[in-house]
Each structure stands twice: as C-alpha cells, then as structure tokens.
Amino acid sequence: METTTTGKTLEGTVVKAAMKDTCTVSVERFEKHPKYQKFIKKSKKFLVHDAGNTAKVGDKVSIREIRPLSKRKHFTLASILVSAKTE
C-alpha cells in the first residue's frame, strides 16, 4: 500500500539566486493584529532547491515542501509562475 504525503505549497518571489542549485524565496502573508484588528504584511525567507539555476531574481514562483536537503533547505522549486522582466 502506497501513501504519498503532500507537503505545504507556497508562492513567493525570488530575492537571491547567487548560490549553486539554491535560491532564496520571500513568502509574504497577511496577519490580523489581535488587539487593533489591522492586517499586517509579514514575510519569511526560505532556501529553495533549484536544480539547474532556472529561477532569476524577481520571478514569482511556487515552492513545495520536501525532505530536508541540508540544515536550512527543505523546499524545492515547483514551478515559475511569472518571469521577471529582463532589461
């Protein structure tokens, strides 16, 4: 019997792509303040496995959770949603 567990899938923006097979993706989310009821934008950076260095800075990407590949890298690049403009 095979069971596949799917991890989290997040969307974010590539902010750094200088490492080999790794890029840094910033994921933003909105959170409501408990007392003042105002929505606050919070962001977190994830190290993402990008085999072949396909993502460029500014790309909107989808990332998927996988088994840990290193101390801080536990996401892989699922797809590039929107390419950044190259000028």
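Read-outs throughout are calculated quantities, based only on the coordinates presented, and are distinct from any laboratory measurement. This one's a predicted model, so the numbers in the text were calculated from it and none came from an experiment. Here the Cβ is made from the backbone with ideal geometry for all residues, glycine too, and neighbour counts use every protein chain on show.
For region 12-87, just say rounded, prolate or oblate: build the C-alpha gyration tensor, square-root its eigenvalues into a ≥ b ≥ c, call rounded for a/c under 1.5, and beyond that prolate if a/b exceeds b/c, oblate if not.
Judged from the Cα gyration tensor, region 12-87 comes out oblate (a/c at least 1.5, b/c at or above a/b).
List the chymotrypsin sites (Phe, Trp or Tyr not before Pro) in region 19-83 that DSSP assigns to loop (not H, G, I, E or B) and whose Cβ has at most 14 other Cβ atoms within 10 Å. Which are they?
Sparse-neighbourhood loop chymotrypsin sites (Phe, Trp or Tyr not before Pro): 36.
Determine the relative contact order of the chain: mean sequence separation of Cα pairs under 8 Å and six or more apart, normalised by residue count, in whole percent.
About 29 percent, as a whole number.
Sorting 44, 35, 73 on the 10 Å Cβ count, fewest up front, what's the list?
Listing 44, 35, 73 from fewest to most nearby Cβ atoms yields 35, 44, 73.
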